[in-house]
Amino acid sequence: MDRIDFLKYTSLGGIGLGIMPSLLQSCSKEDDIDINFNGKVLIIGAGAAGMMTAYTLSQYNIDYTLIEATTNYGGRVKKTDSFTDFPIDLGAEWIHDKPKVFGELINDENVDGNIDLISYQPESIYFWNNNSLTETNLGSHFYREYKFKRTTWYDFFEDFIIPKIEANVTFDRVVESIDYNGDKVEVLTDEGQTFIADKVIVTVPIKVLQSDMISFNPALPSNIRQTIDEIYVPPGLKVFIEFSERFYPDLISVSSIAGVNGAEKTYYNAAFKKDSNKNILALFQVGKEASELTDLTNDEIIASVLAELDEMFDGKASSTYVNHVVQNWVSEPHIQGAYTFLELSQYEGTSEISRGLNNKVYFAGEAYHQQANATVHGAAFTGRDIAKTIIAGG
Ligand SMILES: Cc1cc2nc3c(=O)[nH]c(=O)nc-3n(C[C@H](O)[C@H](O)[C@H](O)COP(=O)(O)OP(=O)(O)OC[C@H]3O[C@@H](n4cnc5c(N)ncnc54)[C@H](O)[C@@H]3O)c2cc1C
């Protein structure tokens, strides 16, 4: 089964785990560039895109400050070490590219970016449809992807990227306005602090731009405003549950939901090929139906999820339940949703946005990658590329 067949199959059958049609191409390293910039840069947002922007500027000794609204790095790259005996990715979890992508991201021949990975090919796969579980033999053909064996996406950034940028990061400052009317750009935060720079790179999620949490002066041009407003970012969440017994297969796709506009609802064995004897089942749901869960409190979410699993497994979920953690991405005030679902016709608009405004304000993040939107590496590469554009004098 080739990639296209696989994607057709999965969109009909409903197994995807966030695999997007465009994810499978990695970016090649670019040749070194001449440095034609010696000003100051501000980066807004410390997710994958913001961190990689900062990392690239550091590699070329450019003066910059990264401003992050929360008290943590990562954005939609987030982990917990305390839930079970292996670290859990509460946001991005799969590597939707070849393992060599890590070397491309680190882009430093002195650093060994080899990471212990799992080849992700679940062996027992079921559909949940019309109140019935049906096994499929898709397993041996499941499109091969990778997961981290002992670490997480967050650990990748913590190990390789953060040490190079941490001196330049200001946490807990919410950017509220960007004034690019004059020679310099002025950025104002919620605490009344003003930052001044020659260039600003905005890496906040599309939802944040849609909700006008940051004002621009001059206002964003109408075509850019329209592109941003029309991008669909569905709700999404993850739930991890520990059980005292293993009663579930490697993967269950809820067929009634999956496949429409990229929506999916998938239960999967989160301990698959990890060094762990724990029974950890996860739910990953994204798409408009996810709001049936994301609109609830965390207590209501786990109750609803256990009820669905009890229906599938004859009450086994409630009777063997031990513990859970919910990560509701809609309720994160500076994220507000899952990731972008772009129509083919929207790529031109997002490409135009990333070319920037008046050579002063630029945009990077998962929404703007032309082949790998909605991924960590895609977001990171947009940050790297904008940084290089600025360094080269663009
Ligand atoms: C449930 C889920 C599962 C996913 N699974 C995968 C997967 O398996 N593999 C994969 O590759 N990708 C996956 N993704 C997508 C991936 O996580 C994202 O594409 C990527 O992490 C986005 O990075 P980013 O830098 O563009 O944005 P973000 O990570 O959202 O970073 C933006 C940052 O901006 C900050 N910010 C927002 N507003 C302001 C402000 N006003 N001032 C200052 N800072 C601000 C935010 O706090 C945040 O830190 C998943 C996403 C979700 C939600």
Note to self: For a distance above 19 Å, tell me the whole-number percent of Cα pairs in the range 180-246 that qualify.
What the structure shows: 51
Margin query: Net charge within 11 Å of Val286 by Cβ-Cβ distance, Lys/Arg positive one each and Asp/Glu negative one each, not counting Val286 itself?
Written below: +1
Check: P(r) tail for the range 297-350, what percent of Cα pairs lie past 12 Å?
Finding: 73
Check: What does the charge dipole of the range 57-187 about its Cα centre add up to, to the nearest 20 debye, if the Cβ of each Lys and Arg holds +1 and the Cβ of each Asp and Glu holds -1?
Finding: 420
Check: Going toward the positive end of the dipole of the range 61-144, with +1 on Lys and Arg Cβ and -1 on Asp and Glu Cβ, which of Asn137, Tyr120, Asn107 do you reach last?
Finding: Asn137
Item checked: For the chain: span of alpha carbons on each principal axis (Å, largest first) -> 67, 42, 39
Notebook entry, point to check: Considering the Cα trace of the range 186-342, what is its radius of gyration and what is Dmax, both in angstroms?
Noted result: 19.9, 62
Next item on the list: Specify the inter-centroid distance of the range 343-394 and the range 43-82, based on alpha-carbon positions, in whole Å.
Entry: 16
Item checked: Value of Rg/Rh across the range 335-380 [Cα atoms, Kirkwood radius] -> 0.98
Notebook entry, point to check: Under a point spin-label approximation (7 Å from Cα along Cα-to-Cβ), what is the Glu348-Tyr321 distance to one decimal in nm?
Noted result: 5.1
Check: Can you list the HN-Hα couplings for the range 323-332, worked out from phi with the Karplus curve (6.51, -1.76, 1.60; θ = phi - 60°), rounded to whole Hz and with x for Gly and Pro?
Finding: 6, 8, 9, 10, 10, 9, 6, 6, 8, 7
Next item on the list: With θ set to phi - 60°, apply the Karplus curve 6.51 cos²θ - 1.76 cosθ + 1.60 along the range 172-182 and write out the HN-Hα couplings as whole Hz, x wherever there is a Gly or Pro.
Entry: 6, 10, 8, 6, 10, 8, 10, 10, 10, 6, x
Next item on the list: Please compute P(r) over all alpha-carbon pairs of the range 139-232, binned at 5 Å starting from zero, and give each bin as a whole-number percent.
Entry: 2, 10, 15, 17, 13, 14, 12, 8, 5, 3, 2, 0
Item checked: For the range 3-391, share of DSSP beta bridges that run antiparallel, in % to the nearest 5 -> 70
Note to self: Mean-square fluctuation check for the chain, GNM, Cα pairs under 10 Å: which of Asp112, Asp179, Asp85 is largest?
What the structure shows: Asp112
Item checked: Kirkwood estimate for the range 51-173, i.e. one over the average of 1/r between Cα atoms, Å -> 16.9
Margin query: 5 Å is the cut-off here: which amide hydrogens, built 1.01 Å from N in the peptide plane, fall below it relative to Ser177, excluding neighbours closer than 5 in sequence?
Written below: Leu188, Ser215
Checklist line | Fully extended contour minus Cα-Cα distance, from Asn38 to Thr136, at 0.36 nm per residue | finding: 29.5 nm
Item checked: Cross-link reach list, lysines versus Lys98, counting only Cα pairs under 26 Å and skipping chain neighbours closer than eight places -> Lys8, Lys29, Lys78, Lys79, Lys147, Lys149, Lys164, Lys238, Lys265, Lys273, Lys274, Lys388
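Every number here is computed from the coordinates shown, using simple stated rules; none is lab data. Quantities reported herein were computed from a predicted structural model and do not represent experimental measurements. Note that we place each Cβ from the backbone using ideal geometry, even for glycine, and neighbour counts take in every protein chain shown.
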